[in-house]
Each structure stands twice: as C-alpha cells, then as structure tokens.
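The values are calculated or read from the model by the stated rules, or taken from the named source; none is laboratory data. Quick caveat, the model's predicted, so the values are computed rather than measured. Note: ideal-geometry Cβ built from the backbone for every residue, glycine included; neighbour counts use all protein chains shown.
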Amino acid sequence: MTQQNPVMRLCISCRKTYDRNNLLKITNDHKHGIMFFKGMGRSAYICKSKKCYSDSKIKKKLQKALKIFLKPEFIEIFEKEITSFNDYPNKGI
Ligand SMILES: [Zn+2]
C-alpha cells in the first residue's frame, strides 16, 4: 500500500484545515468528560497558532463546537496542554 494521506481537520478558531497531527484535539468523552488527544465523542480541533489558542473567544467557540459548558478551570488546563503540545519536538509547523 502507498503512504496514507494526512487526515485534515478544521481549526475551530481560524477555520483553516490542517493535518490532524498538527492540531490540538479536544474531545467531550462520553465517560470521562473533556479530554485532550484522546477520548470518544464530539471533538474540536485547534491549530498551534497563538492567535487561535489564545483567542479570548476560544472558550465560547469550544463550547459551541462541543455543545458543552466548560468550567472556568478549563482554560488553565487548556493553556497547559497547548503549551506542552507546542514544546513537543518535530511537531512544529
Ligand atoms: Zn487556527
């Protein structure tokens, strides 16, 4: 078989599509609630552009995309996740 094509997903902030590997995935898991990079259920993707993840409306956009109410603590966890995500080697855009 030939190489797999990258799976493209839409960033909910800038509405551009990117390779899924370059996006932060947030899932509203059926059992565990909000999860990053894993879980089953409704998912939203955010690209690594600072403009997108530090957007003041990102929480609202996520709530809309995931159809869920996000707790105030969510943003703290989210920022930690996106920071460590950006630190991963070989994943920079
Ligand atoms: Zn984006």
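What to note about this one:
- Qualifying positions in region 58-70 - touching a residue at least 40 places away in the same chain (Cβ under 8 Å) and either touching a Gly at 6+ places or on another chain (Cβ under 8 Å) or assigned to a loop (DSSP other than H, G, I, E, B) (or both): Ile68
- Residue in region 45-60 that is farthest from the ligand (Cβ to nearest atom), counting only those that are under 9 Å from Cys11 (Cβ atoms) and of a type in the set (A, V, I, L, M, F, W, C): Ile46
- The single residue among Ile77, Ile34 that is more than 16 Å from the ligand (Cβ to nearest atom), in a strand (DSSP E or B) and not hydroxyl-bearing (Ser, Thr, Tyr) turns out to be Ile34.
- Taken over region 1-13, the criterion of being within 21 Å of Glu79 (Cβ to Cβ) and assigned to a loop (DSSP other than H, G, I, E, B) is satisfied by Ile12, Ser13.
- Remark: pairs (first residue in region 14-29, surrounded by 13 or more Cβ atoms within 10 Å (Cβ to Cβ) and assigned to a strand (DSSP E or B); second residue polar (S, T, N, Q) and modelled with pLDDT of 95 or more; Cβ separation under 7 Å; 6+ apart in sequence or on different chains) = Lys25/Ser43; Ile26/Ser43; Thr27/Ser43.
- All positions within region 1-31 that are within 15 Å of the ligand (Cβ to nearest atom) and within 17 Å of Phe69 (Cβ to Cβ): Ile12, Ile26
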